[in-house]
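> Mind having a look at this structure? Questions to follow.
The values are calculated or read from the model by the stated rules, or taken from the named source; none is laboratory data. If you're wondering where the values come from, they're calculated on a predicted model, not measured in any experiment. Heads up, the Cβs are rebuilt from the backbone with ideal geometry, glycines too, and the neighbour counts pull from every protein chain shown.
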């Protein structure tokens, strides 16, 4: 985090005159300084975000993390809604001040925002794995943090396609079961035509369940596939009209997804 910078204030020192027998005090009133020193205004920490604010974010802005975008009226087009605002813990046990972009501060914002999203959307954490709704978080800019801003903001967005956010309704409270939020795809996982889309758009495959993958490191691809085969097959069978004739596909997490915290694979069936 950015250490809070002290504001230097210039102070005008006045020297008193002392009378003596050989140097009598003058009756002349000293003239005022032609250039009096002015105290610099304190730095501006900026406005604090509020729950319920809406924002028209681009995909790039949604992943920027640091900075505050101006809210828009929720009845107008918007792609993000603030569902929680918290206070960053910027002071360490040793009495030092963390930077807003430190790992500890960003970890606090990420974990809090992620944990609070399911309740806001009215879904369980496992159900949200099959959703395109995600939490994004923002912290003050370095300049605002130096001025005393210590907030973090949690927004909900829906990733409607490659680097594209879905316009949201006026309120996203309980929005987690909407078809446009459910995760579908244009083709089977692993194919060139595979692209995630909301189930409100044209699609060919549907995400139906997830399989937890234990361990601190991402297992080998074959090991993940073996672990997912049984649960994914069972999920597909339970949805099939003929329990002896069904199709499914399984999607393992990439190393990038694993590092970002996705410790599960996704089971898919034809829509």
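> Filter segment 77-89 down to residues that are touching a strand residue (DSSP E or B) at 6+ places or on another chain (Cβ under 8 Å) and outside any strand (DSSP E or B) and give me whichever is surrounded by the most Cβ atoms within 10 Å (Cβ to Cβ). Steps first, please.
Of segment 77-89, the ones touching a strand residue (DSSP E or B) at 6+ places or on another chain (Cβ under 8 Å) are 78-88.
If we keep only those that are outside any strand (DSSP E or B) too, we end up with 78-79, 88.
Values: 78: 22, 79: 24, 88: 22.
Among residues in segment 77-89 that are touching a strand residue (DSSP E or B) at 6+ places or on another chain (Cβ under 8 Å) and outside any strand (DSSP E or B), the one surrounded by the most Cβ atoms within 10 Å (Cβ to Cβ) is 79.
> Return the pair list, or none, for Cβ contacts closer than 8 Å from residues in segment 248-271 that are free of Cβ contacts under 8 Å to residues at least 12 places away in the same chain and at negative phi to residues that are surrounded by 11 or more Cβ atoms within 10 Å (Cβ to Cβ) and part of a loop (DSSP other than H, G, I, E, B), at least 6 apart or on different chains.
Taking only residues 6 or more apart or on different chains, the pairs are 262/253.
> Taking the residues in segment 197-229 that are at pLDDT below 95 and in a strand (DSSP E or B) as candidates, determine which candidate is surrounded by the most Cβ atoms within 10 Å (Cβ to Cβ).
Only one residue tops the list, namely 197.
> Against the definition (out of contact with any strand residue (DSSP E or B) (no Cβ under 9 Å at 6 or more places or on another chain), closer than 21 Å to residue 65 by Cβ and surrounded by fewer than 16 Cβ atoms within 10 Å (Cβ to Cβ)), how does residue 174 come out, yes or no? Walk me through it before giving the result.
On the way: out of contact with any strand residue (DSSP E or B) (no Cβ under 9 Å at 6 or more places or on another chain): yes; closer than 21 Å to residue 65 by Cβ: no; surrounded by fewer than 16 Cβ atoms within 10 Å (Cβ to Cβ): yes.
So residue 174 fails the test.
> May I ask you to list the residues in segment 147-184 that are assigned to a helix (DSSP H, G or I) and under 20 Å from residue 85 (Cβ atoms)? Steps first, answer last, please.
Here is the first cut: in segment 147-184, the ones assigned to a helix (DSSP H, G or I) are 175-177.
Within segment 147-184, just 175 meets the criteria.
Residue by residue, here is whether (1) surrounded by 11 or more Cβ atoms within 10 Å (Cβ to Cβ); (2) in contact with a strand residue (DSSP E or B) (Cβ under 8 Å, 6 or more places away or on another chain); (3) not assigned by TED's automatic domain parsing to the domain that holds residue 126 holds:
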site	(1), (2), (3)
232	yes, yes, yes
241	no, no, yes
249	yes, yes, yes
257	yes, no, yes
264	yes, yes, yes
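> Determine whether residue 143 is surrounded by fewer than 21 Cβ atoms within 10 Å (Cβ to Cβ), at pLDDT below 95, part of a helix (DSSP H, G or I) and in contact with a strand residue (DSSP E or B) (Cβ under 9 Å, 6 or more places away or on another chain).
Considered against the rule, which asks whether it is surrounded by fewer than 21 Cβ atoms within 10 Å (Cβ to Cβ), at pLDDT below 95, part of a helix (DSSP H, G or I) and in contact with a strand residue (DSSP E or B) (Cβ under 9 Å, 6 or more places away or on another chain), residue 143 comes out as no.
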